[in-house]
Amino acid sequence: MERKVVLDYTYYELPSGYRDLLEDFLRAREGLPFVKALTHPWLEEIEEKLKGFKPRDLVIVGIGGSSLGAEALLRALLPASFNSRGRRIFFFDNVDPERAEELAELVEPERTAFIVISKSGNTTETLANFSVLFQRFPERERFIAITSGGTLKTVAETERFITFSVPEYLPGRFSVFSPVALVPLYLAGVDTEALLRGAKEGLELSSKPLLENPALFSAAAIYQEWKRGKNIHVVLSYSEHLYFAGFWYRQLFSESLGKAGWGITPVIDLGSVDQHSKLQLYLDGPDDKIYTFWRVGEFRRDPFVPEIEGIKSGLFGRKMSQIYRVMALSTQRALAESGRPTLAMEVPRIEERFLGQFLMVLQSQVWFISRLAGVNPFDQPGVERMKKLARDMLLGKTKAEEARTT
């Protein structure tokens, strides 16, 4: 039996009339940035440049699309306690001074690779973190720069860092199958070949007819519900290892689709924890949301609930996965019976191949929605305005007081 990401629409009204959209995708797909990235021989270049480079720890310096993809996959594939045993991985993705300093104090430079990622080479937060780290740990041979230009590229060439480029056609949020994520994944021991093989399978899934196509079907459903007033998309992850992929997806969804007055707000929840804080609102509150459940078919570890004297719960002998699955299915059913629209995507197992499928399906889904909404998924004009204002304020061209509004 073929194992693949599947979409469960048991509790959903079937959308229809999307054949032309699929034909558009099939015509355009080889030229789409996130598809073109799959055609480049990244792994050959990575293996050649990093041959013999085997750091124990990784420091990843980046923000947004420069770090979220790698972090999503690493948190999915590695044990939850990966920073407390064996290899340690630190993400310098913000400029909170206390957190940055606390993390820097944990770094052991002789055992660490410093991976600095910024497509433009001028990202404010990334340059700030890089400068602090490089001043403290100036072991040039341990630095890797992934960039296409700007200050970072100039410094990397001057200091002779190991370097990888990011194609100009590839927006950061769609760069998970490029060196942006593949370099840190490779150094962490992830099977990057299986990941890319899965991504290509995900592309084929996204090219199938509507009822066999999780990307197209979910896109059509989300857009259909937006027309009915559902402008919030709640993603409920029933896997702690899959949960961080929600933050990668949140950026992909928001930054690709929120423009020209159009948009749906993504909310990322963790099941079953958030059932105990938000479910009452979802069941009986305003009907302005569509819900997508992320489930896992087979867990890598799955203990039984033991019998404990004095505890009469009816759980003895049941696998933890059975309880978790019931929590997901009962929540989905309760929402559906309350008239709330629900979908569910199921990943067969948390491993490289299926995660590659999953992330490719989600990128394709966002492209389908962008076509329905009539927006360009590959630009970010609002963010560019903010970046310019931040640079002007830091350089003194615009005083912070003048930028305030009431």
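Observations, loosely collected:
- Here F53 passes the criteria (1) exposed (fewer than 15 other Cβ atoms within 10 Å of the Cβ); (2) out of contact with any Leu (no Cβ under 8 Å at 6 or more places or on another chain) except the one numbered (2).
Conditions (1) part of a loop (DSSP other than H, G, I, E, B); (2) modelled with pLDDT under 95, marked per residue:
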| position | (1), (2) |
| --- | --- |
| V267 | no, no |
| K278 | no, no |
| I290 | no, no |
| F293 | no, no |
| G297 | no, no |
| D302 | yes, yes |
| I308 | yes, yes |
| K312 | yes, yes |
| I323 | no, yes |
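- When N83 is tested against (1) modelled with pLDDT under 95; (2) crowded, with 17+ Cβ neighbours inside 10 Å, only condition (2) is not met.
- Against the test of being in contact with a strand residue (DSSP E or B) (Cβ under 8 Å, 6 or more places away or on another chain), more than 29 Å from E204 (Cα to Cα) and of a type in the set (G, A, S), the options G246, G271, G261, G229 yield a single qualifying residue, G271.
- Of the residues examined, V183 is not one that is in a loop (DSSP other than H, G, I, E, B) and surrounded by 21 or more Cβ atoms within 10 Å (Cβ to Cβ).
- E13 fulfils the conditions (1) surrounded by fewer than 19 Cβ atoms within 10 Å (Cβ to Cβ); (2) in a helix (DSSP H, G or I) except for a single criterion, (2).
- Pairs with Cβ under 9 Å, 6+ apart, first in region 370-397 and under 30 Å from E225 (Cβ atoms), second exposed (fewer than 15 other Cβ atoms within 10 Å of the Cβ) and of a type in the set (S, T, N, Q): S370/N376
- Residue within region 193-212 that is assigned to a loop (DSSP other than H, G, I, E, B), under 17 Å from the mean Cα position of the chain (by Cα) and farther than 15 Å from L21 by Cα present: no
The values are calculated or read from the model by the stated rules, or taken from the named source; none is laboratory data. It should be emphasised that the depicted structure is a prediction, and the values quoted were computed from it without experimental measurement. Cβ: placed from backbone, ideal geometry, glycine included. Neighbour counts: every protein chain shown.
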